[in-house]
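Quick note: the coordinates plus some simple rules give every number you see, no bench work behind them. Just so we're clear, the structure is a prediction, and the values are computed from it rather than from any experiment. Positions of Cβ are generated from backbone atoms using ideal geometry, with glycine treated the same way; all protein chains shown enter the neighbour counts.
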Amino acid sequence: MSIRLKDRVIILTGATSGMGKDMALSFAAKGAKLVLNGRSEAKAQRVMEELAPYQERIAWHIGDISEYETNGALVDLALERFGSLDTIVCNAGTLGIGSVTELSQETWQNTLNSNVSALFYLSKCAIPHMQKHGAGVILANASIAAFKAFPKHPAYCASKAAQVALVRQLASEYGPNIRANALCPGPVDTPMIWDSAKAFEGGEKAVEEAREATALKRLGQPKDISELALFLISNESSWMTGSLVTIDGGISHYVFLGIVSFWWSDFYTCRLGFEARRQLLYSLCNNCVTETDKS
């Protein structure tokens, strides 16, 4: 399957590092016209050097996507520079580490603004132009944190859960001409995972534990995510909307079973006896079967 994005006009936020940087390189190589965003001029310049072969098809707007005005400016730039807008990829985000009682109101609000409000703002600004064009694609880079709880990540987990709910809402309200999907990565080797590890007991050791907890015994790489993003914004995924696509090396499967790492260690730490652990696991599995039967 040879995916092409020739002349597709794409807004991509968080393009200066990690997954966003790899998406920018991947999309540009496939022929897309890109409006890129980041908060750091210096980082943007370094990325632009790697994008030099495609510079005629690249525009930058430096700004904070948690602010409505930045999102409006991105849409305006796409229209001014390239004359249309086909796709938005909401990749930028922040962690907001701290327990509920530790988090300041400012950190909580900033995390929600960066991870959820930014998706709302950019969609609100972009959708009218997509509707005029007759088609459009919205992709959010969410996380498996949307479905789980992690130590000292309440703002991040809550914001990612809200993000996937908003994606489903967008898909239901603006189909059939506009598609909206979310990709949900697990542990990916980017600067953010090392920042996230600071919230865990053992610090950076938590990253190694995450690697071992995956079925594939490796961390994801930005390229793994950008390849999936490329598929989800392309015509090859034209029958997908409202989908939450997990890409996590199998870690969600392992954590669900509660046998090999996270949950089992919790049971043991709490000094639950074998019978108590057996009953709890039986109850979890039985509940899952019951919910499946209802669907």
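Dividing the alpha-carbon radius of gyration of the stretch 127-210 by the rule-of-thumb value 2.2 N^0.38 Å gives 1.38. Restricting the calculation to alpha carbons of the chain gives Rg and Dmax of 20.0, 66 angstrom. Round to the nearest 10 and give me the degree value, 0 to 90, for the angle of helix 68-82's Cα axis relative to the longest principal axis of the chain. That works out to roughly 50 degrees. Summing charges over all other residues whose Cβ lies under 9 Å from the Cβ of residue 234, with Lys and Arg as +1 and Asp and Glu as -1, gives +2.
When only the Cβ of Lys, Arg, Asp and Glu is charged (+1, +1, -1, -1), the dipole of the stretch 44-154 relative to its Cα centre reaches about 360 debye.
Only helices enter this figure: runs of n ≥ 4 DSSP H residues, each worth -39500 (n - 2.57), summed and divided by the residues of the chain, yield -15500 deg cm²/dmol at 222 nm to the nearest 500.
What you get for the chain, charging only the Cβ of Lys and Arg (+1) and of Asp and Glu (-1), is a dipole of about 460 debye around the Cα centre.
Per-peptide packing, taken as the mean over residues of other Cβ atoms within 10 Å, places 238-244, 225-231 in the sequence 225-231, 238-244 from highest down.
Across the stretch 50-144 the C-alpha pair distances fall into 10 Å bins from zero in the proportions 15, 40, 30, 12, 3 percent.
Evaluating 6.51 cos²θ - 1.76 cosθ + 1.60 at θ = phi - 60° for every residue in the stretch 10-27, the Karplus couplings come out as 10, 9, 10, 8, x, 8, 8, 6, x, 5, x, 4, 5, 4, 4, 5, 5, 5 Hz, glycine and proline recorded as x.
Just to be sure I follow the definition: excluding the sites themselves, where is the longest run in the chain that has none of the trypsin sites (Lys or Arg not before Pro) in a DSSP loop with at most 10 other Cβ atoms within 10 Å?
Working: sites that count: 6, 217, 271.
The longest uninterrupted stretch comes out as 7-216.
For the stretch 175-230 and the stretch 1-35, what is the centre-to-centre distance using only Cα atoms, to the nearest Å? Taking the Cα centre of the stretch 1-35 as reference, the centre of the stretch 175-230 is 19 Å away. Compute the angle between helix 118-133 and the longest alpha-carbon principal axis of the chain, please, reported from 0 to 90 degrees and rounded to the nearest 10. Once rounded, the angle reads 40 degrees.
Which pairs, out of 132/223; 124/148; 124/205, put more than 30 Å between their alpha-carbon atoms? Flagged as over cut-off: 132/223; 124/205. Distances between placed amide hydrogens fall under 5 Å for residue 85 paired with no residue 5 or more residues away or on another chain.
Cα axis of helix 274-294 to longest principal axis of the chain: angle in degrees, 0 to 90, nearest 10? The helix 274-294 is inclined about 40 degrees to the chain.
Close amide H contacts of residue 220 (hydrogens built in the peptide plane, cut-off under 5 Å, sequence separation of 5 or more or a different chain): 188, 189.
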